[in-house]
Amino acid sequence: MHLDDNFGEFGGYYVTDEVKKVLEELENAYIKYKETKEFKELYKYYLKQYVGRPSPLYYAERMTKKLGGAKIYLKREDLNHTGAHKINNVIGQMLLAKKMGKNKVIAETGAGQHGVATATCAALMGMECTVYMGSEDVKKQSLNVFRMKLLGTTVVEVSYGTGTLKEAVDAAMKSWIIESKDTFYVLGSALGPHPYPTMVKEFQKVIGEEAREQIIEQENRIPDMLIASVGGGSNAIGLFSGFINDKKVKMVGVEAAGKGIETGMHSAAFAGSVGIFHGMKSYFIVDENNELRPSYSISSGLDYPGVGPEHAYLKDCERAEYTSVTDDEAVDAFKFLCKTEGIIPALESSHAVAYAMKIAPKMDKDEIIIVNLSGRGDKDVNTIADYINNTK
């Protein structure tokens, strides 16, 4: 059995034969269980009764009026249990882990939302959980670190390299290879070796499916534009999946420009080049020796130096457009949404909001934008406070 990921030249699994066997076991289990009535019903049950889906599609009326252009709707993934889109994917993977007879799970996390979701579901399903997190992100996201520990999870701080999401992924993958007999790796974004990008998309497509039904119900038509932040790219691919065949719907992914692309302190993979890292072929930020270069963003969840392979494919076939916004723009958008709509967004989501603030005034008032509000900003309040204090 084999899945066709349809990512053109991107994706694949560039791994050792030992890892390939583990991935093939995962792929076979995924194919075996994902379409069974029992698995689908259980997944839907947890999404509805535990996560609280469907998440609302909210018309941001004051934001729309202040910007003076297209109507803006916010897909409220921040209202999910644990505060982000991550739990959609985690529940799917954890159910699969149980089917495969695994009693331990490991995960990587940047901003901590995937770690919290994995820790939450491990507690729910009675599984042992270890989460790897870069030391810099541990400092930024102390609230989420404490939440994971409260839930019974072991948090392993990864202090080498830049101490961010890349190193967390490295450490989690190394641990998984050693412990794969009884351990399942709950990968948090639409990246890594096959079949992870396809599998994560499957468990995140609920975002796009709901958004499509909701916008048709509210506006009697589909939107003109979708906007979502992109690190690895799971929240974006989840939203895009519901409209990918509607060629008139423009899809925009927003990467982190950090302190500016020209400074080199950013996480905009599409400003880099095609390469092979973490078991996949995609776009990465690399140096003159074709080695991964340290990435940077005020947002811990966006500071990965690559992007998921389906986004690479969508860019190269010109189905989606990718842009970037700076820390300054993201912080301004964060404050704008707080004061305008009474919503405190995650810094990741604030990148998408920032681009909507740029583009909406240039669009007609009868046009419609959906922005994926991928998470809530409780975790980022201290980061924002430090940022404001340091820029006074």
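What follows is calculated from the coordinates using simple rules that are stated; it is not laboratory data. As the structure is a prediction and not an experimental result, all values here were calculated from the model. All Cβ positions, even for glycine, are placed from backbone atoms using ideal geometry, and neighbour counts span all protein chains on display.
Fewest Cβ neighbours within 10 Å first, please rank GLU38, GLU348 accordingly.
Exposure proxy ranking, most exposed first: GLU38, GLU348.
Do any trypsin sites (Lys or Arg not before Pro) in the stretch 297-341 lie in a DSSP loop with no more than 16 other beta carbon atoms within 10 Å, and if so, which?
Listed in order of number, the matching sites are ARG319.
Based on other C-beta atoms within 10 Å, arrange GLU318, GLU255 from fewest to most. Let's see the in-between values first.
Values: GLU318 7, GLU255 27.
Ranking GLU318, GLU255 by Cβ neighbours within 10 Å, fewest first, gives GLU318, GLU255.
Give, as a single signed number, the net charge of other residues whose beta carbon lies under 10 Å from the beta carbon of ARG53, with Lys and Arg counted +1 and Asp and Glu -1.
Values: positive: LYS44, LYS48; negative: GLU77, GLU210.
With Lys, Arg at +1 and Asp, Glu at -1, the neighbours total 0.
Going toward the positive end of the dipole of the stretch 276-359, with +1 on Lys and Arg Cβ and -1 on Asp and Glu Cβ, which of GLY308, PHE336, ILE276 do you reach last?
PHE336
I'd like the distance separating the alpha-carbon centroids of the stretch 351-392 and the stretch 81-133, in whole Å.
The stretch 351-392 and the stretch 81-133 have Cα centres separated by 27 Å.
With just the Cα atoms defining each centre, how far is the stretch 251-320 from the stretch 1-79? Give it in Å.
Using only Cα atoms, the two centres lie 21 Å from each other.
First select every other residue whose beta carbon is under 12 angstrom from the beta carbon of GLU219; then total the charges, Lys and Arg +1, Asp and Glu -1. Please list the in-between numbers first.
On the way: positive: LYS71, ARG212, ARG221; negative: GLU213, GLU217, ASP224, ASP366, GLU367.
Its environment carries a net charge of -2.
Restricting to Cα pairs below 8 Å that are 6+ residues apart, what does the relative contact order work out to for the stretch 238-392? Please round to a whole percent.
Once normalised by length, the contact order is 21 percent.
For LYS139, what charge total do you get from the other residues with a beta carbon under 11 Å from its beta carbon, if Lys and Arg give +1 and Asp and Glu give -1? Numbers along the way, then the final one.
Details: positive: LYS140; negative: GLU136, ASP137, GLU157, ASP386.
Here the count lands on -3.
Less than 15 Å from a label point 7 Å out along the Cα-to-Cβ axis of ASP386: which backbone N atoms in the stretch 153-175 qualify, by residue?
163-165
Could you list which residues have their amide H under 5 Å from that of GLN141, counting only those 5 or more apart in sequence or on another chain, with H placed in the peptide plane?
For GLN141, whose amide H was placed from the backbone, there are no distant partners under 5 Å.
For a quick protection proxy, order the peptides 56-65, 302-311 by their average other-Cβ count within 10 Å, most packed first.
Highest to lowest by the protection proxy: 302-311, 56-65.
Highest mean first, how do 213-223, 289-299 rank when packing is the count of other Cβ atoms within 10 Å averaged over residues? Walk me through the numbers before you get to the answer.
On the way: 213-223: 14.5, 289-299: 19.5.
Descending mean neighbour count gives 289-299, 213-223.
For the stretch 207-280, with the dipole built from +1 on Lys and Arg beta-carbon atoms and -1 on Asp and Glu ones, taken about the Cα centre, which of GLY264, PHE243, ILE215 lies farthest toward the positive end?
GLY264
Taking other Cβ within 10 Å of each residue's Cβ, how do GLU9, GLU108, GLU128, GLU288 sort, fewest first? Could you put the intermediate results ahead of the total?
On the way: GLU9 12, GLU108 31, GLU128 15, GLU288 6.
Placing the least packed residue first, the sequence is GLU288, GLU9, GLU128, GLU108.
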